[in-house]
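Read the structure below first, then the notes.
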């Protein structure tokens, strides 16, 4: 199963340059890297990144994250994946821009239905 992280351009560039990251400012404050499932990603984008350009959607294999990945209740009492270690480039299955179009973010095929 893939899980998803939304990064701003600078955060994605930092991960690519250094090979690992403790995440965005919210991740640093909370002590873990926040992820979303395919069904949660669009709502995460709308809630935390509304109107933001220059975003990247990062896919990570949940099983490969091992015991450092915990599923915990969060928004709407849904279980969200939280990574309790640094995210490394080796964790990344793929990454691609998450463009802003028509007031919302355009998700890749397979995730676009989650935005409705």
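The values are calculated or read from the model by the stated rules, or taken from the named source; none is laboratory data. Worth saying up front: this structure is predicted, and the values here are computed from it rather than measured. A quick note on method: Cβ atoms are made from the backbone with ideal geometry, for glycine too, and the neighbour counts reach across all protein chains shown.
At-a-glance table
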| read-out | value |
| --- | --- |
| Residue selected from the stretch 90-108 under the condition surrounded by fewer than 17 Cβ atoms within 10 Å (Cβ to Cβ) and under 13 Å from the mean Cα position of the chain (by Cα), by the criterion farthest from residue 13 (Cα to Cα) | 93 |
| Residue check for residue 24: in contact with a helix residue (DSSP H, G or I) (Cβ under 6 Å, 6 or more places away or on another chain), without any contact (Cβ under 8 Å) to a residue 24 or more places away in the chain and under 18 Å from residue 91 (Cβ atoms) | yes |
| Residue within the stretch 72-89 that is outside any strand (DSSP E or B), surrounded by 12 or more Cβ atoms within 10 Å (Cβ to Cβ), touching a strand residue (DSSP E or B) at 6+ places or on another chain (Cβ under 8 Å) and modelled with pLDDT under 95 present | yes |
| Meets criteria (touching a helix residue (DSSP H, G or I) at 6+ places or on another chain (Cβ under 9 Å) and modelled with pLDDT under 95) for residue 16 | no |
| Residues (without any contact (Cβ under 8 Å) to a residue 24 or more places away in the chain and in a strand (DSSP E or B)) located in the stretch 90-102 | 101 |
